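A.B. asks: Here you go, one structure.
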Amino acid sequence: MYSGVLDMTSAKSRELELLNAADKYGVEELKQYLELPLCALLSTVNAFELLRASERHDVPHLKEASVEHIIHKMDREESAIILKEMMFGDDMTERVLAGTIMERLWLSKP
């Protein structure tokens, strides 16, 4: 049971499991609480995974942080491969996410 206090020293998978449960049971306070630790865990390895989770569980700050990380900190070629897979896959949500990132990439060009 959620008591308002979390030990955030565990791995990302625990936070994602908690986010899934918080969303499933409508515990908005826990969802909001988990956003900052998940943002702190963003890396080139998990940015797309956390972007997908942010969209699935409606956590806007994590979504924005994930998009920013992808745009500014990830290798362009690596991002392009993943974005291509998202754009041409069967999942409409992934297509929309990829479109959002592509638009932001286009707008961020000098």
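A.B. asks: Toward the positive end of the charge dipole of the chain, about the Cα centre and with charges on Cβ (Lys, Arg +1; Asp, Glu -1), which of 33, 51, 102 goes farthest?
C.D. replies: Selected residue: 102.
A.B. asks: Is the range 31-97 rounded, prolate or oblate when judged by the Cα gyration tensor, a ≥ b ≥ c being the square roots of its eigenvalues, rounded requiring a/c under 1.5 and prolate requiring a/b larger than b/c?
C.D. replies: Oblate, because a/c is 1.5 or more while a/b does not exceed b/c.
A.B. asks: With a 1.4 Å probe and all protein chains left in place, how much accessible area per residue does the range 49-100 have, in Å²?
C.D. replies: Ligands and nucleic acids excluded, the figure is 60 Å² per residue.
A.B. asks: Given points 7 Å out from each Cα along the Cα-Cβ axis, report the residue 61 to residue 32 separation in nanometres with one decimal.
C.D. replies: 0.9
A.B. asks: Moving on to the next point. Percent of accessible area on the chain owned by carbon and sulfur, 1.4 Å probe?
C.D. replies: For the chain, the apolar C and S fraction of the accessible surface comes to 56 percent.
A.B. asks: Restricting to lysines 8 or more places apart or on different chains, can you count the pairs in the chain with Cα atoms under 16 Å from each other?
C.D. replies: Pairs that pass both the separation and distance tests number 5.
A.B. asks: Sticking with this one: What distance in nm lies between label points placed 7 Å from Cα along the C-beta direction at residue 75 and residue 49?
C.D. replies: About 1.8 nm, to one decimal.
The values are calculated or read from the model by the stated rules, or taken from the named source; none is laboratory data. The structure displayed is predicted, hence computed values, not measured ones. Quick reminder, even Gly has a Cβ in these numbers, built from the backbone with ideal geometry, and neighbours come from all protein chains shown. In case anyone asks, the SASA skips ligands and DNA or RNA and just uses the protein heavy atoms, side chains included. Shrake-Rupley method; radii C 1.70, N 1.55, O 1.52, S 1.80 Å.
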